[in-house]
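What follows is one structure encoded as structure tokens, with my remarks underneath.
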Amino acid sequence: MQIVNVKHPLLEQQRPADDTVLIMGFFDGVHLGHQKVIKTGVELAQKHNLKAVLMTFDRSPRTVYQHEKNFKYLSTMQRKAQLVEQLGVDYLYFVQFSEDFAHLQPQEFVDQYMVGLKAKYVVAGFDYTYGKKDIANMQRLPEYAQRRFETVTVPEQLINGQKIGSSAIKMFISQGHIQTANEFLGYSYQNQGEVIHGLQRGRTLGYPTANLAVDGSQLVPAIGVYATRIKIGKKWYGAMTSVGYNVTFKENTGVTIETNIFDFDEQIYGQHVELEWVRYLRGEVKFDGAEGLIKQLELDKANALKALD
């Protein structure tokens, strides 16, 4: 898969050489609903011998239109690219969501980007918009297309009657319902980041931890202890991870992500790792001292191993 980074306007040399099926959306998290849209586009491209092109943005439109601060993402651009590539897309366009780009009128957007990317088909979810939703929605797209391409609308995707959407998944993750989030994602949620120096309290308890500073503005799961997996280099290890405030020792460190990696004893400071969240085990508990905490950590490890088995 080839990645093309676009700073508006789209340049002639950035246009595809061949006709395309253009898949549109922000696709934060690339959840099961998104996967249905992307697979529909890829299958259409294969059927008509066209290139599958996915166009998305470098940041959420909400940060521009609604001026949302501290917006949290389910996937970094790098993670999104990784997930999209697995679905068979040929070209991934990341368009910088600048103020100039945001002010394009619906017809301008269609002409410059949908037609500009040589779309013979445009595939998007039922709620996709390219401007104000009352005038720039999937129902109106054939008018703007002016018979230059066909539109394919993928209907709402549900699990147990609930829409599969990024907002719902964020809510699950924020409330510690990681298994439900994973069901809606279609894979285990991840954070990516760098291993940094911590207070090394875990080492004195017999449970050394790797402290993770996450990349960008990723959403971190709710406070608690989880069964996790961690990828170091090219290898995955079982682990248990605490998201918390170190309440037992009253250390004013803010929220930390500390991972005890099973059957592992190497220095990995400064390394970039992937942390996969498998199951919520318990909330954060304040203990009277180290002895009570160690007993709980023994139980946590047993429960984590069971969850990972």
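The values are calculated or read from the model by the stated rules, or taken from the named source; none is laboratory data. Small disclaimer: the values here were computed from a predicted structure and weren't measured. For neighbour counting, all protein chains shown are included, and Cβ atoms are generated from backbone atoms with ideal geometry for every residue, glycine included.
So which residues in the range 81-92 are touching a residue at least 40 places away in the same chain (Cβ under 8 Å) and more than 18 Å from Thr40 (Cβ to Cβ), if there are any at all?
Matches in the range 81-92: Ala81 only.
When we screen Ile223, Ile232, Ile196, Ile261 for residues that are closer than 20 Å to Phe172 by Cα and at pLDDT 90 or above, the only hit is Ile223. Just one of the listed residues (Phe94, Phe27) is surrounded by fewer than 20 Cβ atoms within 10 Å (Cβ to Cβ) and in the same structural domain as Lys133 (by TED's automatic domain parsing), namely Phe94. Applying the set (1) buried (at least 20 other Cβ atoms within 10 Å of the Cβ); (2) within 26 Å of Ala81 (Cα to Cα); (3) assigned by TED's automatic domain parsing to the domain that holds Leu281 to Tyr226 leaves exactly one unmet item: (2).
Within the range 146-188, being more than 13 Å from Lys36 (Cα to Cα), in the same structural domain as Gln35 (by TED's automatic domain parsing) and crowded, with 17+ Cβ neighbours inside 10 Å holds for Phe149, Thr151. For the range 106-117, state whether one or more residues are among the hydroxyl-bearing types (Ser, Thr, Tyr), closer than 19 Å to Phe27 by Cβ and buried (at least 18 other Cβ atoms within 10 Å of the Cβ). Within the range 106-117, one or more residues are among the hydroxyl-bearing types (Ser, Thr, Tyr), closer than 19 Å to Phe27 by Cβ and buried (at least 18 other Cβ atoms within 10 Å of the Cβ).
Being touching a residue at least 60 places away in the same chain (Cβ under 8 Å), under 15 Å from Gln192 (Cα atoms) and surrounded by 13 or more Cβ atoms within 10 Å (Cβ to Cβ) is a property that holds for Ile268. The number of residues in the range 2-29 that are at positive phi and either assigned to a strand (DSSP E or B) or in contact (Cβ under 8 Å) with a residue 60 or more places away in the chain (or both) comes to 2.
In the range 51-90, of all residues being among the acidic types (Asp, Glu) and under 17 Å from the mean Cα position of the chain (by Cα), the one that is surrounded by the most Cβ atoms within 10 Å (Cβ to Cβ) corresponds to Glu85.
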